[in-house]
Amino acid sequence: MKARKIVDEMDSYVPGRSQDEIAEEFNLNKDEIIKLGSNENPWGPSPKAMQAIRDEIKSINRYPESQLKELVGEIADYSGVDDNQVIIGGDGADEIIDILAKTFINEGDEFIVPLPSYMYYEYLLQQYGAHPVYARWDLDRNELDVDSIFDAVTDKTKMMFLCTPNNPTGTLIEKDVLREIASKNPEVLIVVDEAYFEYSEVTNKDLINEFDNIFIIRTMSKVLGLAGMRIGYGLACPEIIEYMHRIKPVFSLTRLSFVAALNTFQDKEYIKDSIEKGIESRQYLYDELSKIDSLNVFPSKSNFMLIGVKDTGFTASELALELMKKGIIVRDCTSFKGLGEYWIRISICTLEEDEKFIEIIKEVLN
């Protein structure tokens, strides 16, 4: 059986390595491995979400909710938007991107991604016959190269993806920059990825009332602690949301993910605590790593930071391997387009885990 031409030509997405793989390869205790590679919430989910899951298990023989009205209302309240400006996806933010592609992309369309950024945009849209056009992040200035965005636009441009804070650089895009891009490209859907917005304490959600070509992506996988439940959501003008609901799978949220999400949004103290701990961990890691002369540590507004390792004598792959041998998982960014072989990304952990990581990376570099 021959696959579609685009599938035959595509490269596979390269995820980070799992704890199970590393424990087996290096004969480590899985429970002692410290994960700094996947940008997760290390403090676990909301206790209210866990209790709701336990209470709901008896009902998993029944189909889940299809309309999601109660959860839509919670998300709208959390985001400060109207209910008809919300769409929810059941495979994290990735499903929202996939629905965007199914709804708006025609074969031969172009989309813009500034490099380096989250590469899953490209992976998903290429499946529908769209072609990536690359703009750039200025790594020297640690900011979006706005001119490269305008230079990349053609009459075939259908979408552009602007991640803020950007993954993997941790960089914010100024709201006035987003306004300028949206206003000058009214026929292009400007997809603003706010997966990490809580850590930056900055949001652009008000722009969906100013522009009908801005779409905001968010996830419950980070601050909200539900990466394993795979829940994402999008914010946009009602017309875009209505089009997307025509395409969206009816039962994409499970009964367990639905109650977990609902109870997490209702647990305001958990969310506040999660943000505060994340920012504290990020600051500790930045302060301690910045003391190591051979590392080029980028300041971040997210729950991760990008680190240049060229002066360490290791490539990113070599350093990641040495750290893995000692039970530390970091993200080797060699596979990120727009970065070379000398960049790693680390994410926040508990302060105890942070301290262990600092101790081990100093040991490896010395």
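Worth a mention:
- In the range 112-145, the residues that are aliphatic (A, V, I, L, M), closer than 18 Å to Lys156 by Cα and not in a helix (DSSP H, G or I): Ile112, Val113, Ala130, Val133, Ala135
- Residue within the range 196-215 that is outside any loop (DSSP other than H, G, I, E, B), under 20 Å from Leu125 (Cβ atoms) and open to solvent by less than 10 Å² (accessible area, probe 1.4 Å) present: yes
- Looking only at residues in the range 255-293 that are assigned to a loop (DSSP other than H, G, I, E, B) and open to solvent by 30 Å² or more (accessible area, probe 1.4 Å), the one that is farthest from Tyr78 (Cα to Cα) is Asp293.
- For the range 95-111, the tally of residues that are assigned to a helix (DSSP H, G or I) and free of Cβ contacts under 8 Å to residues at least 24 places away in the same chain stands at 0.
- Of all residues making up the range 313-346, the number that are more than 21 Å from Leu28 (Cα to Cα) and either surrounded by 21 or more Cβ atoms within 10 Å (Cβ to Cβ) or among the aliphatic types (A, V, I, L, M) (or both): 7
- Pick from the range 311-350, criterion within 12 Å of Gly37 (Cβ to Cβ) and of a type in the set (Val, Ile, Thr), ranking: farthest from the chain's Cα centre (by Cα): Ile328
- Filtered residue count, the range 204-256, keeping only those that are among the basic types (Lys, Arg) and in contact with a Phe, Trp or Tyr (Cβ under 7 Å, 6 or more places away or on another chain): 2
- Condition met for Val250 (in a strand (DSSP E or B), aliphatic (A, V, I, L, M) and either closer than 30 Å to Lys362 by Cα or open to solvent by 10 Å² or more (accessible area, probe 1.4 Å) (or both)): no
- In the range 220-237, the count of residues that are in a loop (DSSP other than H, G, I, E, B) and touching a Leu at 6+ places or on another chain (Cβ under 6 Å) is one or more.
- Subset of the range 150-168 that is in contact (Cβ under 8 Å) with a residue 12 or more places away in the chain and more than 28 Å from Ile344 (Cα to Cα) - its residue that is surrounded by the fewest Cβ atoms within 10 Å (Cβ to Cβ): Thr154
- Close contacts from the range 130-148, counting a first residue that is without any contact (Cβ under 8 Å) to a residue 60 or more places away in the chain and a second that is assigned to a strand (DSSP E or B) and acidic (Asp, Glu), with Cβ to Cβ under 8 Å and a gap of 6+ residues or different chains, come to Ala130/Glu110; His131/Glu110; Pro132/Glu110; Val133/Glu110; Leu144/Asp138; Asp145/Asp138.
- Taken over the range 225-247, the criterion of being among the hydrophobic types (A, V, I, L, M, F, W, C), in contact with a Gly (Cβ under 8 Å, 6 or more places away or on another chain) and surrounded by 19 or more Cβ atoms within 10 Å (Cβ to Cβ) is satisfied by Ile231, Ile241, Met244.
The values are calculated or read from the model by the stated rules, or taken from the named source; none is laboratory data. Predicted model, so just to flag it, every value in this text is computed and none were measured. Positions of Cβ are backbone-derived with ideal geometry, glycine not excepted, and every protein chain shown enters the neighbour counts. Note: accessible area is taken over every heavy atom of the protein model, side chains too, but ligands, DNA and RNA are not part of it. Shrake-Rupley method; radii C 1.70, N 1.55, O 1.52, S 1.80 Å.
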